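Participant: Take this structure first; my questions come after.
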Amino acid sequence: MSSRAARALMSAAPSPSRRAVSRHRALLSTQASTSRSHSINGRGKAPSTTLAVDSASASVAERQVLASGARPFAQPIPPPEPQDFYTPLEQYHRLITGGRLRGDSHQTRIIQNLQDLHDRLLHYTPPQVPDPSASISLISRWFSRNDTIPAAPPEHVPLGLYLYGDVGTGKTMLMDLFYNTLPPNLKRKRRVHFHAFMIDVHKRLHAAKLAMGHNGGDPILPVARDLASDAYVLCFDEFQVTDIADAMILRRLLENLMNYGVVCVITSNRHPDELYKNGIQRSSFIPAIELLKTRFQVTDLDSGTDYRRIPRALSKVYFDPLTPSNALEINKIFKSLTDGDEVIHRRPLSIWGRTLKVPESSKDVAKFRFDDLCGQPLSAADYLEVTKTFPTVFLLDVPKMGLDSKDKARRFITFIDACYESKTKLFVTSEVPIHQVFSDESSNKSDAPSDHLRSVMDDLGLRENIGASSIFTGEEEVFAFARACSRLVQMGSKDWAETSGSR
């Protein structure tokens, strides 16, 4: 029998072979002896990029695995070789043996959780998802057939995984490891950053409402059905709830996805109890929190080891102040990266029926001025489309922002998150050092950070002086501000510069 045929047989088998099981046990027994390479977890300053998942530093997901500087998890975790089928434990062992990671007992236990879910999925057959006709008349007819709408999750569906931890605890690396080692015969799967997922959900809800017309109905039901039809293993990076509209949608969407037998793996910065904290009408979101706690295995990734404290050498991607010499230098870099490619001026980029003009761009590189991206009412969807289209982005003339620039500051943070999650290589010219652009020295307050900001900076492993800011006041705003500064520092690291900017 050929090796290809043997592999096909193995992937089709309903359960792992004895040989595979024994290999897993052997891996567990040898795991403890390997402690020399990079660790997955550690509350580190994430070399990961959150909106830009840093595999290279960590995160479409923020806080990636090692975060600080020598970030072992700064490089993306590659999928196994196409001809090989490795389980999470096997792939983890390969990465340690190859020097890509350093093993420790805490992360080994977490990998075992991934392995356990992987094994359950080998035996899991999801329930059939109803497939009503796409015609509007039949759609409305489908809504009246309550017998097709499951009222509870299937009894045999595996519990999902909810992994939470600070920046740099390895959330994105773990997600990479799990998703890339899913059995090859499992085709209905999806890996998506949560922000992009919610944009997709809103689009689907809009389409469902149009299809239902004046007859009305609940658009969440067909959206949940279609999502379940597309994938019964759904992996979310950076799960967060900050908007009341999203909170109300998620409450029922998650419930219906579970009822259709969808298994979710979620990474987040917060324990379920901390989600949407102090949000408007939070009591309406409590059922979703309870669902996460009962239908998921909630796992804390904090091992107590903080890899963010490892110093990182910064590369030259940020230039300040705004001087002719720095402008000349950044233009040299732009010409070097676009050498041989046609540079188009005012390239139209279509986003949700609107057109964004890109001032200068080649196939893979775009150049904007700050006001082009943050001085007009653009949204996360716009920034995600920019970073998806262009692996390398130049952002010029970033000013120091105060209270009069609050909207611009918020958009800039959203843009940084998009770059981080997309692993975008970012070059910036700014009025002051990039991590100080939010510092508001003109305020009457002391320049020293507040106690709350200091606490957040410590949680993020942020040691750079980011100054005090009166722009951001609420708990979520302060965290987003400090996180953006943390990511900017990370995206200025040598590791990020060497591993980002590719698709």
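The numbers here are math on the coordinates, done by the rules we state, and not lab data. The shown structure was predicted, so the numbers you read here are calculated from the model rather than taken from an experiment. Methodologically, a virtual Cβ is constructed for each residue, glycine included, from the backbone with ideal geometry; neighbour enumeration extends over all protein chains shown.
Participant: Convert each backbone phi in region 105-119 into a coupling constant with the Karplus relation 6.51 cos²θ - 1.76 cosθ + 1.60 (shift: θ = phi - 60°), then list the ³J(HN,Hα) values in order as whole Hz, x for Gly and Pro.
Facilitator: 5, 5, 5, 5, 5, 5, 4, 5, 4, 5, 4, 4, 5, 4, 5
Participant: Sequence-distant or interchain residues sharing an amide H contact under 5 Å with Val265, placed H: which?
Facilitator: Amide H to amide H, under 5 Å and 5 or more residues apart or across chains, Val265 pairs with Leu161, Leu234, Cys235, Phe236.
Participant: Could you sort the peptides 86-92, 350-356, 329-335, 488-494 by per-residue average Cβ neighbour count (10 Å cutoff), highest mean leading?
Facilitator: Most protected by this proxy first, the peptides run 488-494, 86-92, 329-335, 350-356.
Participant: Can you tell me the Rg and Dmax of region 252-403, counting just the alpha carbons, in angstroms?
Facilitator: When restricted to Cα atoms, region 252-403 yields Rg and Dmax of 22.0, 60 Å.
Participant: Going by amide H atoms built from the backbone, whose H comes under 5 Å of the H on Arg369, apart from near neighbours?
Facilitator: Leu396
Participant: Also: Among the listed pairs Lys388/Lys494; Lys189/Lys357; Lys367/Lys400; Lys187/Lys367; Lys357/Lys425; Lys187/Lys425, which are separated by more than 27 Å between their Cα atoms?
Facilitator: Exceeds cut-off: Lys189/Lys357; Lys187/Lys367; Lys187/Lys425.
Participant: From the phi angles alone, apply the Karplus equation (6.51, -1.76, 1.60; θ = phi - 60°) to region 431-437 and give each ³J(HN,Hα) in whole Hz, x where the residue is Gly or Pro.
Facilitator: Per-residue couplings from phi come out as 5, 10, x, 4, 7, 10, 5 Hz.
Participant: What nm distance separates the two modelled labels at Val343 and Glu274, each placed 7 Å from Cα along Cα→Cβ?
Facilitator: In this crude label model, Val343 to Glu274 measures out at 4.5 nm.
Participant: With θ taken as phi - 60° and the coefficients 6.51, -1.76 and 1.60, list the Karplus ³J(HN,Hα) couplings across region 182-187 in order, rounded to whole Hz; mark glycine and proline as x.
Facilitator: Once rounded to whole Hz, the list reads 4, x, x, 7, 8, 8.
Participant: Now a separate question. Give the dimensionless ratio obtained when the Cα radius of gyration of region 138-283 is divided by 2.2 N^0.38 Å.
Facilitator: Rounded to two decimals, the normalised Rg is 1.10.
Participant: Another question about this same structure. I need the trypsin sites (Lys or Arg not before Pro) found in region 186-265, filtered to DSSP loop residues with at most 13 other beta carbons within 10 Å of theirs.
Facilitator: When the trypsin sites (Lys or Arg not before Pro) of region 186-265 are filtered for loop state and at most 13 Cβ neighbours within 10 Å, Lys187 remain.
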